[in-house]
Amino acid sequence: MDIKFDTITILIIAGAAVLGIVLGILITTSMLRKSVLRKSELKMKEMEVKAEALKNEKILQAKEKFLQLKSEHEKQIHERNKEMGLAENRIKQKENNLSQKIEEGQRKQAEIENLRQNLTAQLEGLTRKQADVEKVHRRTVETLEAISGLSAEDAKAQLTESLKAEAKTEALSHIKDIVDEAKLTANKEAKKIVIQTIQRVATEHAVENSVSIFNIENDEVKGRIIGREGRNIRALEAATGIEIIVDDTPEAIILSGFDPVRREIARLALHQLVSDGRIHPARIEEVVEKVKKQIEEEIVETGKRTTIDLGIHGLHPELIRMVGRMKYRSSYGQNLLQHSREVANLCAIMASELGINPKIAKRAGLLHDIGKVPDDEPELPHAILGMKLAEKFKEKPEVCNAIGAHHDEVEMTSIISPIIQVCDAISGARPGARREVAEQYIKRLKDLEALALSYQGVEKSYAIQAGRELRVIVASEKVSDKDAETLSFDIAQKIQTEMTYPGQVKVTVIRETRSVNVAK
């Protein structure tokens, strides 16, 4: 009975314990749930507060953006209204101006109508007066015919013949005066144009020689250039066509040849060989070929740069290359490219002064000496050869004629041709533009004086102004004034046909009569 009681007690205790544990768990679970719920509520409230704050912030930003857009829109509307107002004012002003012009036109039309009516009335009056005058004229003619015994036609014929003779005499006198005045004016205007043209162009002159000097650092390089038994120098002369003179001149080698292009190729090739240090025949041939290509590229670049500087467009590539080759050619010591550029500028200015197309004149001036720089150099005068080259490359007929006629090789058919001839003479004949050997210069002066002395009646002759003027003094008892004029023309023609000279030669014949008496 006691054991049974103890078991029940234990069971009751155990059940109470389990029940307590279960209740504790339930109570703890309930408290935890309440705590979680409380935290969740706090979190929800916090999120609602943040959401409300974010909502208010976004609403505020939206309001600010709306106000900004509204302000900009109102500003644009204001500017448009302002522009519309200005446009409306301009339209109103134009309407007012148009109305004034219409009123003025109506007023002028009314004045014209009044004037027309007045003129109509005056014309009717003149018509009536003319009829009266004709009646009086007929009566007068009839009276004169009766008095003179001649008909009106016979009297008119006699009067016409008399007036013709008188008018012819007066016309001849006026023509002579007009011709003399025209000559004076033409000479004055021509000199003015030429002087203005020369003054507006200033080109430097490069004097070319037949030798070039190649400077070296020391004389030891000369032996390397000559090579073993002279093989290097022979190879260099064979490759360039230039005579290379290695003498006692300190630190210098002389390159001799009449072709400036070949001299330049030899100079550049020597420079590269000496700088590189490898000098042997194979290397020489390689360097010379490379330098030839460089020079050819430089020639083309020079031609292009020249045409761009002068504003000449559409030139054939082969003509551009020939223009570049002019850089390495000279005429009487005057660089051909500089001479052609100067002639082109002179022609453009003179053509503008004369009212002619300056672009065509400048083009012809640049190309007038291309016959001096062909690749094959046939046996033709350079003017004719240049004209044929221009025709070959489709230049305009007036340009071709100007090139061919600038030394009177062909007849001039264009107004551009004499301009090219004159500008070529100006560029070549200006003092300092070209050089001459002293012996040739002195010989030309003596030949001029001897040519004048060969004529009968010439006492003395003097070549002055560097051979550009010849003064001839004649005996007054042997040569008359008329003969002096003829003598001047004959000497000028003979100089032109028999002598070679730059520019032109002015021939002045001087004849004077002196009466001398001595008072004792």
Taking region 301-345, which residues are among the hydrophobic types (A, V, I, L, M, F, W, C) and open to solvent by less than 30 Å² (accessible area, probe 1.4 Å)? LEU310, ILE312, LEU315, LEU319, ILE320, MET322, VAL323, MET326, LEU336, LEU337, VAL343, ALA344
Just a yes or no: is a residue in region 135-150 modelled with pLDDT under 80, outside any helix (DSSP H, G or I) and surrounded by 10 or more Cβ atoms within 10 Å (Cβ to Cβ)? yes
Is it true that some residue in region 458-471 is within 39 Å of the chain's Cα centre (by Cα), modelled with pLDDT under 85, assigned to a helix (DSSP H, G or I) and surrounded by 13 or more Cβ atoms within 10 Å (Cβ to Cβ)? no
Selection status of ALA266, part of a helix (DSSP H, G or I), at pLDDT 85 or above, of a type in the set (A, V, I, L, M, F, W, C) and surrounded by 16 or more Cβ atoms within 10 Å (Cβ to Cβ): no
I'd like to verify a number: residues in region 346-377 that are open to solvent by 20 Å² or more (accessible area, probe 1.4 Å) and part of a helix (DSSP H, G or I), how many? 9
Within region 171-193, identify whether any single residue is of a type outside the set (D, E, K, R) and at pLDDT 70 or above, and answer yes or no. yes
Inspect all residues belonging to region 237-253 and state whether any of them is in contact with a Phe, Trp or Tyr (Cβ under 7 Å, 6 or more places away or on another chain) and open to solvent by 60 Å² or more (accessible area, probe 1.4 Å). no
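Check region 254-262 and report whether any residue there is surrounded by fewer than 13 Cβ atoms within 10 Å (Cβ to Cβ) and touching a residue at least 40 places away in the same chain (Cβ under 8 Å).
Step one: filter region 254-262 for residues surrounded by fewer than 13 Cβ atoms within 10 Å (Cβ to Cβ), giving 258.
Now restrict to residues that are touching a residue at least 40 places away in the same chain (Cβ under 8 Å): 258.
Yes, region 254-262 contains at least one residue that is surrounded by fewer than 13 Cβ atoms within 10 Å (Cβ to Cβ) and touching a residue at least 40 places away in the same chain (Cβ under 8 Å).
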Unique match (being touching a residue at least 40 places away in the same chain (Cβ under 8 Å), part of a helix (DSSP H, G or I), over 26 Å from ILE265 (Cα atoms) and not small (Gly, Ala, Ser)) among GLU391, GLU342: GLU342
Of all residues in region 295-328, which are outside any helix (DSSP H, G or I) and under 14 Å from the mean Cα position of the chain (by Cα)? GLY311, ILE312, HIS313, GLY314, LEU315
Among the residues of region 238-273, write down those that are closer than 23 Å to GLU297 by Cα and over 41 Å from the mean Cα position of the chain (by Cα). ALA238
Just wondering, is there one or more residues in region 498-508 that are at pLDDT 90 or above and either surrounded by fewer than 16 Cβ atoms within 10 Å (Cβ to Cβ) or of a type in the set (Gly, Ala, Ser) (or both)? yes
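The values are calculated or read from the model by the stated rules, or taken from the named source; none is laboratory data. Just so it is clear, the structure is predicted and the values come from calculations on it, not from any experiment. Glycine also receives a Cβ, built like all others from the backbone with ideal geometry; neighbour counts cover every protein chain displayed. Ligands, DNA and RNA are excluded from the accessible area calculation, which covers all protein heavy atoms including side chains. Shrake-Rupley method; radii C 1.70, N 1.55, O 1.52, S 1.80 Å.
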